[in-house]
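Comments concern the structure below.
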Amino acid sequence: MSTFTARRVALAASAALILSLTAACGGDDSGGSGGTTVEFFQSKTEAVDVVDQIIADFEAEHPGIDVEQNNTPDAMTVLQSRLAKGEVPDVIAVNVSDYNDLATAGILKDLAGTEAADAVSDDNATAYVARAGQTEGTTPALPWSVNAQVVLYDVDQFDELGLTVPTTWDEFVDTARAVEDAGQDPFYFTWKDSWTAKLVLNSLAGSLQGPDFWDELRDGSATFAGSEAYQEAAEKLLVLKEHAQDDPFGRGYEDGNIAFAGGESVMYVQGTWAIPEILSVNPDKNIGAFVMPVGDTADDSVILSAPDSVVGIAENSGNAEAAQEFVDYLFSAQGQATFTEDQRLFSVRDDVTSAEDVLAPLKTDWIDTGRTAMYPDGMFTGASDLAALTQTFLQDEDTGAFLEALDTDFQSHGIQ
């Protein structure tokens, strides 16, 4: 899950150039067999193999269309560079946290009324995308799938230690202590990558802040510094730090996936998107998942769930019809089932359900019953320093300075 750190002004400048280079935008491209070649630029490195499979399935049904997947390290920086040159891929899929900058650039066509748009039945996901992109009234992109942020745990180790899934904050902390008493690390944090520090803050603050906090931030009636919920979230974040493994700031996301797969911690605060990576290291890993408990009762918790990636088509693509056919396939029942089952995500279609034991109860008990909250970082643009600020806070433990810095960051990079 990468974040886009370039400033929105850079994308805006890119957009101005793009609009003046219409002919270069998603240029008409013919495949070697005389058909049409569609470029699919997508930023999820963990999805390369399954996207190749989806493309193969699509091409088998559409012999006149070839699709070329483009996935590269530091994808958003590469995309920004290409936008500046007027080289807009035909189809683009990016993390939802990067979407506001892309939507603001004005390079995506309205997908309202298309077969793909009509296939999306998850109204919450659609509303989230519209709010994150500030695109109410138009549909420049569609939620490709939905994820959830949870606490992954080793089911076998829980059983061996006689542990049960905690449902309150005190039980959660007691579980960590019980693991330590058994001589093991309860958590494996990967704060070398700042976005994973932000992720833990999300888990805490998402449940604590309440449904009206963002609207209150916008109208000026609330601040981070004055928020009891964020004060509590910051304090609890430091409690979790007390139960980290050695050198959490020297370990990154990939390190964490490998370590948890190898049994180096009993719990791992991450998203459902990490499950395929963990299982690629240890296919026999018996993984469970629970919602991070934050309060005094089980009813105080909600699951953080939101679109994982969004998909759009270049406004001026020279292969618009073929691009639309491919996007329609991405949102077909077959395309959705192939993608979400491999990536351990939730489909945005109501007729595609999860067969994964880890995911099924999260959807039925939490997502389908509305016990959800949006990611707090979803109301910041990609230029936000939220991740780095959270990482710094975990190092210096200055709560007051941290919350004041969040207010400053929101003033500059909050989605109003």
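Observations
- Between THR164 and THR77, residue separation times 0.36 nm minus the direct Cα-Cα distance comes to 27.0 nm.
- Summarising the amide proton neighbourhood of GLU39: residues at separation of 5 or more, or on other chains, whose placed amide H is nearer than 5 Å comprise GLU68, ASP90, VAL91.
- For the chain, the antiparallel share of DSSP beta bridges with both residues in that region comes to about 70%.
- The THR364 and ASP123 beta-carbon pair, evaluated with R₀ = 22 Å, returns a calculated FRET efficiency of approximately 0.80.
- Contour excess over end-to-end distance, with Cα ends at ASP396 and SER280 and 0.36 nm allotted per residue: 38.2 nm
- For the chain, the number of Lys pairs separated by eight or more positions or lying on different chains, with C-alpha atoms closer than 24 Å, is 13.
- Here the dipole of the chain is about 1060 debye; that uses its Cα centre as origin and unit charges on the Cβ of Lys and Arg (positive) and Asp and Glu (negative).
- Angle between the chain longest axis and helix 228-241 axis [Cα atoms, degrees, rounded to 10]: 80
- Length gained when the stretch ASP299-ASP181 is fully extended (0.36 nm per residue, less Cα-Cα span): 39.6 nm
- Alpha-carbon centroid distance for the pair the range 222-255 / the range 146-193, whole angstrom: 16
- Per-residue Karplus couplings for the range 98-106, computed as 6.51 cos²θ - 1.76 cosθ + 1.60 with θ equal to phi - 60°, are listed in order as 9, 5, 4, 5, 5, 5, 5, 5, x Hz, Gly and Pro entered as x.
- Between ASP357 and VAL239, the simple spin-label model (points 7 angstrom out along Cα→Cβ) gives 3.1 nm.
- Taking a sphere under 11 Å around the Cβ of GLN391 and counting the other residues whose Cβ falls inside, with K and R at +1 and D and E at -1, yields a net charge of -1.
- Residue-wise HN-Hα coupling along the range 77-86, computed from phi with Karplus coefficients 6.51, -1.76, 1.60 (Hz; x: Gly, Pro): 5, 4, 4, 4, 4, 5, 4, 5, 9, x
- Anisotropy class of the range 75-121 from Cα gyration tensor, a/c 1.5 cut: prolate
- Principal-axis tilt of helix 8-19 within the chain, Cα atoms, nearest 10 degrees: 10
- Along the range 201-217 the Karplus relation, 6.51 cos²θ - 1.76 cosθ + 1.60 evaluated at θ = phi - 60°, assigns HN-Hα couplings of 4, 3, 4, 7, 5, x, 7, 7, 6, x, x, 9, 4, 5, 5, 5, 4 Hz to successive residues, with x for each Gly and Pro.
- Per-residue ellipticity at 222 nm from helix content only, as computed over the chain with -39500 (n - 2.57) for each DSSP H run of at least four residues, stands at -13000 deg cm²/dmol.
- Between 0 and 90°, nearest 10: helix 386-396 axis offset from the chain longest Cα axis: 20
- 5 angstrom amide H check on ALA289, placed H, neighbours 5+ away: TYR153
- The chain: relative contact order as a whole-number percent, Cα under 8 Å and 6+ apart: 27
- Amide H within-cut-off set for VAL150, under 5 Å, with H built and near neighbours excluded: GLN270, GLY271, THR272
FYI, it's all coordinate maths here, none of it is from the lab. For clarity, every value in this text was computed on a predicted model and none was experimentally measured. FYI the Cβ positions are ideal-geometry reconstructions off the backbone, even for glycines, and counts take in every protein chain you see.
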